[in-house]
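Notes to accompany the following structure.
Readers should treat all values here as calculations from the given coordinates under stated rules, not as data from a laboratory. Not measured: the values here are computed from a predicted model. As a convention, Cβ positions derive from the backbone with ideal geometry for all residues, glycine included, and neighbour counts pool all protein chains shown.
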Amino acid sequence: MYNFDFEKPSTIADAVAALAGEDAQALGGGQTLIPTLKQRLAAPSTLVSVSGIAEMKGVCVEDDGSVAIGGATTHADVAADAASSYPALAALAGQIGDPAVRNRGTIGGSVANNDPAACYPAGVLGSGATIVTNTRQIAADDFFQGMFTTALEEGEIITSVRFPVPQAASYQKFLQPASRFALVGVYLARFADGVRVAATGASEDGVFRWSEAEEALNKEFRTDALLGLHINPMNMIGDLHGSKEYRAHLVSVMTKRAVEACS
Amino acid sequence: MPKDSGIGASSKRREDVRFLTGAGNYTDDINVHGQAYVHFLRSDIAHGRITNIDTSAAEGMPGVVKVFTGKDFEGVGGMPCGWEVTDRHGAPMQEPPHPILAQGKVRHVGDPIAAVVADSLALARDAAEAIEVDIEELPAVLDMKAAAQDGATLVHDDLKNNICYDWHLGEEDNDKVNEVFANAAHVTTLDLVNNRLVANPMEPRVAVAEYSRGTDEYTLYTTSQNPHVIRLLMCAFVLGLPEHKVRVVAPDVGGGFGTKIFHYAEEAFCTFAAKACNRPVKWTSSRSEAFMSDAHGRDHVTTIELALDAENNFTGLRTNTHANLGAYLSTFSSSVPTWLHGTLMAGNYKTPVIQVNVRAMFTNTVPVDAYRGAGRPEATFQLERVIDKAARELGVDPIALRRQNFITQFPYDTPVALTYDTGDYNGTMDKLEAAADLSGFAARRAQSEANGKLRGLGVNCYIEACGIAPSNIVGMLGARAGLYDAATVRVNATGSISVMVGAHSHGQGHETAFPQVVADMIGIDESMVEIVHGDTSKIPFGMGTYGSRSLAVCGSAMVKATEKVIDKAKKIAAHLLEASEADIELKDGQFSVAGTDKSVAWGDVTLTAYVPHNYPLEVEPGLEETAFYDPANFTFPAGAYACEVEVDPETGQVSIEKFTAADDFGNIVNPMIVDGQVHGGIGQGIGQALLENCAYDENGQLLSASFMDYAMPRADDLPFYEVDHSSQTPCTHNPLGVKGCGEAGAIGSPPAVVNAVLDALNSGGKAVDHIDMPMSPSRVWTAMHS
């Protein structure tokens, strides 16, 4: 780790001001950033922790029925506090990492980082959630722009994520054996106006929607609707833990299991 | 009836109290006043020529004490290899130098190029970044078979090729072996890989060294399984220091698994630097450094052929193995693919003709050395896999095929240089069949299939040679050390006992099990006996703990020393009781005169030894005895394991549903500790079979360089185990009749898991002969769909 200054503001406005400094970086739960700093792979001048900002924490149900989760809310809090309002999302949060990770890591940190194997991007994209920042609201479909890349501007903070609650949803995660990130994870949400299917872990472009499966399931919501549908392995990740073809196959299997879980 | 104390009792591990309450004293807990910190600048290139190192900027950085490079170690010895293997033509192995810091070339990612000693670790790291190193990159030598070709890039420019040795054991006459295979009714051939592993003990390596100008004495605290071995190697071969001026301490050590046997460059560096800087010097490995500097394990590529006659008797076995030694020879690396591997190729079977061929290769990878089992898992895996394949090809029951070929007469001279003293392989297999409820397997398979899963059963046997070793034999085979051990039994005046042992406990439970033996022999409470280990200034010269040798070898020394103590105590008791020494009996801590009610307590005799007012003149005061023990033979633990798996046909995911181990460890001192040793070994074996894979890319970059990509087994990867060690044929040549249990689980379990997965796939109608470890979901699924 290199030396850096540390700030822990208590309001969003103060955090935004602190992040205006040169090479300042926001710190959520630090589950990615702190190991990166320890390896001396990043050298921010100032770390601005958002963990002291009360208005960025907690789970609440809005008047329109959507579930809003503060950007600095830990996975463990989502797992516990969204269990009744959005159980599939709470279950996703409860499967991230281990208890230590879940009690430090935050939804805002995970979504902003957009690790191609992280769970939350699948939940956010699969739900068609809205990312709320200090300056604007961004639809999930516009937010994730490829591996470790998002629509966030320099200094922009995710203050909350707002989820419309589907009729049924399920996250099916197949573990990468070492990291226990998703080798492939599929989040399927069934709304009155259609089905959304988002896959993480699989693609070199990061989280993506499987539109062919969505169309097929919109016509007929049962596993047979998926028969004959295949993901093109070309853009899938191939590594030590699984070939491109294997990941493409797992997207199908996990999607099928998500349909079963929602049926 | 289970005993509640002494030999055979499941006494609770007394050391766990401090380990579980955070009161352990590990090397990193040791801080010496005024210490400086080392950071090693390690190569991020697998193979290259160092054209320039400029440390001048680093030397001027804040807090820097001194910067070292390979130049500082010219004229200093390199890291030694403790075993000289002779090749098939009688020539010694090629033995390249292994400098403390790289000289001329870097040969693997992680090879240390320079070291910065500074006031803090952060300052040392800052300065290391200011060192300029120019390296002319060379092609990385990785594939062992390609490395053996003429004209291959050389890892060591001064060697004639990349082959450390081309070795052979067993039948020398190729024509005879060819004839056996030509006459066979059936030949089964199998190509397989024994995957490279990283031991990953929970505690990374640490070295803290201090030097006293006043006394010219050094102390090295280090994470070692064998402090005397480290002192000898470092003093005699590396730094040229007198042993009596060097104290090596291995305090609590958080797991070794073999990888803490070896003398590492970092230990020698810290000792050297402590004097050069006139300051204590401390190095603590990061986990990332551990992946690229701890010796790795396994990494064999083998073709094995089994010949059978028309009645399915094994008639011949031939193996061709390429063994990866990495970039340099680690301390015992040369012995692992040879004398710890080839000698085990007979397994539990009376195969009359066996030929083992091993080429050991230098590559641009981290050095490979002993890891839990060391050579024996590699042997067992090949043999038990080829037998299983033969059974499938022949359509015979794999257990029946094994039983038919078991060795049943002992002692048995194998065609590969060992003499098994005792065993009962059918009896152990009987125990397995009962404990694993093999007769209920069909019903369990039907249940799994009803749930959409494939279920497989894998069974295998193993034998290992432990209690290493008779010094005269290993000396003939090339060992540059003796392999005895030593114990001093020091009885205190009030009757309590300190036992100074050469073995080192780093998870094995010696502090509990060893006192059980001494207390049982005397008839006193276990709490009166304490083990002292891990400090060359306190213990007799012992060879440490590895190869499941502690109780069989050091325990034997301890028994001998205790016998000497008892003999002397009887003389004192005879004097006190005014009786003949021959009439004195010791039972339950009381010396009595046979046939009378006259007795004197243990404590009265020990007090008399140190307060010798009323004392036999011909007997020296005091009660302390030392014994060295050099075993007459190896010990031969053996067993049979059964694994049941479910395979998810949609994903290739394997789950272990049931695992049963039946082991014959001879006599057992503490059954609970033995269970624990077997559990841990099986965990590591399952890790190898399903999860662990140390992989390099084509440039020699380590792909599995952290726990993000190197999959360690976790609790939920493992089932509850059934462990049965009621099959007991005591070792015939050591006083306790014990064989050793530390490695069995890791040796016996990988083939059981692989055999089970293949059984599952074949039961689903997919003919799959083999899948290399680790059998990740991806590999299993690919095999099912190829």
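Once both labels are positioned 7 Å from their Cα atoms along Cα-to-Cβ, the gap between B:K538 and B:R88 label points is 5.0 nm.
Counting only whole DSSP H helices of chain B, the ones at least 24 Å long by C-alpha along their axis and with mean Kyte-Doolittle hydropathy no lower than -0.5 are B:555-577, B:744-763.
Using only the alpha-carbon atoms, how far is helix A:244-262 inclined from the longest principal axis of chain A? Give it as 0 to 90 degrees, nearest 10. For A:244-262 against chain A, the angle is about 80 degrees. Counting only other chain Cβ atoms within 10 Å of each residue's Cβ, the peptide A:248-256 averages 2. Working note: Debye formula, equal point scatterers on the alpha-carbon atoms of the range B:484-629, no solvent; log10 I(q)/I(0) at q = 0.20 Å⁻¹ is -1.10. Take the Cα of B:D157, go 7 Å toward its beta carbon, and the backbone nitrogen atoms of the range B:12-54 under 20 Å from that spot belong to B:43-54. Rounded to the nearest 20, the size of the Cβ-charge dipole of the protein assembly as shown about its Cα centre is 440 debye, with Lys and Arg at +1 and Asp and Glu at -1.
Which links in B:K538/B:K570; B:K3/B:K587; B:K658/B:K739; B:K453/B:K658; B:K145/B:K389 stretch past 20 Å when you go from one Cα to the other? Listed pairs above 20 Å: B:K538/B:K570; B:K658/B:K739; B:K145/B:K389.
Segment B:N278..B:A185, full-extension length gain: 26.3 nm, with 0.36 nm per residue of separation and the alpha-carbon distance subtracted. With a cut-off of 8 Å between alpha carbons and a minimum separation of six or more residues, what is the relative contact order of the range A:159-263 in percent? Relative contact order of the range A:159-263: 28 percent. Taken residue by residue and averaged, Cβ atoms of other chains lying within 10 Å of the Cβ of B:113-126 number 1. For the range B:177-212, the residues whose backbone nitrogen is under 19 Å from a point 7 Å from the Cα of B:K245, taken along Cα to Cβ, are B:209-212. When chain A is treated as a GNM with alpha-carbon contacts under 10 Å, the residue of A:P121, A:P177, A:P166 showing the greatest mean-square fluctuation is A:P177. With a simple spin-label model that places each label point 7 Å from the Cα along the Cα-to-Cβ direction, the separation between B:E581 and B:A310 comes to 6.9 nm. Loop-resident GluC sites (Glu not before Pro) (DSSP state other than H, G, I, E or B) in the range A:209-240 with no more than 14 further Cβ atoms inside 10 Å of their Cβ: A:E220.
Built from the Cα atoms of the range B:670-786, the convex hull projects on average onto 10.7 nm², one quarter of its surface area. Only Cα pairs under 8 Å and 6+ residues apart enter the sum, and on that basis the relative contact order of the range B:525-641 stands at 24 percent. With a cut-off of 13 Å between beta carbons, the residues surrounding B:I771 carry a summed charge of -1, where Lys and Arg count +1 and Asp and Glu -1.
Along the axis of the charge dipole computed for the range B:206-328 (Cβ charges of +1 for Lys and Arg, -1 for Asp and Glu, origin at the Cα centre), the listed residues B:H228, B:A327, B:A276 are led at the positive end by B:A276. Using just the helices of chain B, give the 222 nm mean residue ellipticity in deg cm²/dmol: DSSP H runs with n ≥ 4 each add -39,500 (n - 2.57), and the total is spread over all residues, rounded to 500. Here the helix-only value at 222 nm equals -7500 deg cm²/dmol. Normalising by residue count, the range A:200-263 has a Cα convex hull of 78 Å³ per residue. Where both bridge residues fall in the range B:607-735, DSSP classifies roughly 75% of the beta bridges as antiparallel. Using 12 Å as the cut-off for backbone N distance, which residues of the range A:68-97 belong to the label zone defined by a point 7 Å from the Cα of A:A192 along Cα→Cβ? Output list for this probe position: empty.
For the range B:475-522, the fraction of alpha-carbon pairs lying more than 17 Å apart is 48 percent, rounded to a whole number. Report the FRET efficiency, 1/(1 + (r/R0)^6), for A:A80 and B:Y610, where r is their Cβ-Cβ distance and R0 is 60 Å, rounded to 0.05. Once the sixth-power term is evaluated, E becomes 0.40. Inter-label distance, A:E212 to B:D437: 4.5 nm, where each label sits 7 Å from its Cα along the C-beta direction.
The packing ranking of peptides B:25-31, B:666-672, highest mean first, is B:666-672, B:25-31, where packing means the average number of other beta carbon atoms within 10 angstrom of each residue. For A:K8, the lysines whose Cα falls under 26 Å of its own Cα, not counting residues fewer than eight places away in the same chain, are A:K38, A:K57. Summing Cβ point charges (Lys, Arg +1; Asp, Glu -1) relative to the Cα centre of the range B:484-629 gives a dipole of roughly 340 debye.
At 222 nm, what helix-only mean residue ellipticity would chain A give, in deg cm²/dmol to the nearest 500, using -39500 (n - 2.57) for each DSSP H run of four or more? Estimated from H runs of four or more residues: -8500 deg cm²/dmol. A Förster radius of 35 Å, combined with the Cβ-Cβ distance separating B:E172 from B:D397, puts the computed FRET efficiency at roughly 0.50. By the count of neighbouring beta-carbon atoms within 10 Å, fewest first, A:T46, B:T596 end up ordered B:T596, A:T46. Shown for chain B is the translational diffusion coefficient from the Stokes-Einstein equation, using the Kirkwood radius over Cα pairs, a temperature of 4 °C and a viscosity of 1.567 mPa s: 47 µm²/s. Sequence-distant contacts, meaning Cα pairs under 8 Å at least 6 residues apart, place the relative contact order of chain B at 15 percent. Each Lys or Arg adds one and each Asp or Glu takes one away; over the other residues whose Cβ falls under 9 Å from the Cβ of B:D28, this sums to -1. Taken about its Cα centre, chain B carries a charge dipole of about 440 debye when Lys and Arg each add +1 at the Cβ and Asp and Glu each add -1 at the Cβ.
Over the range B:27-111, the ratio between the Cα radius of gyration and 2.2 N^0.38 Å evaluates to 1.46.
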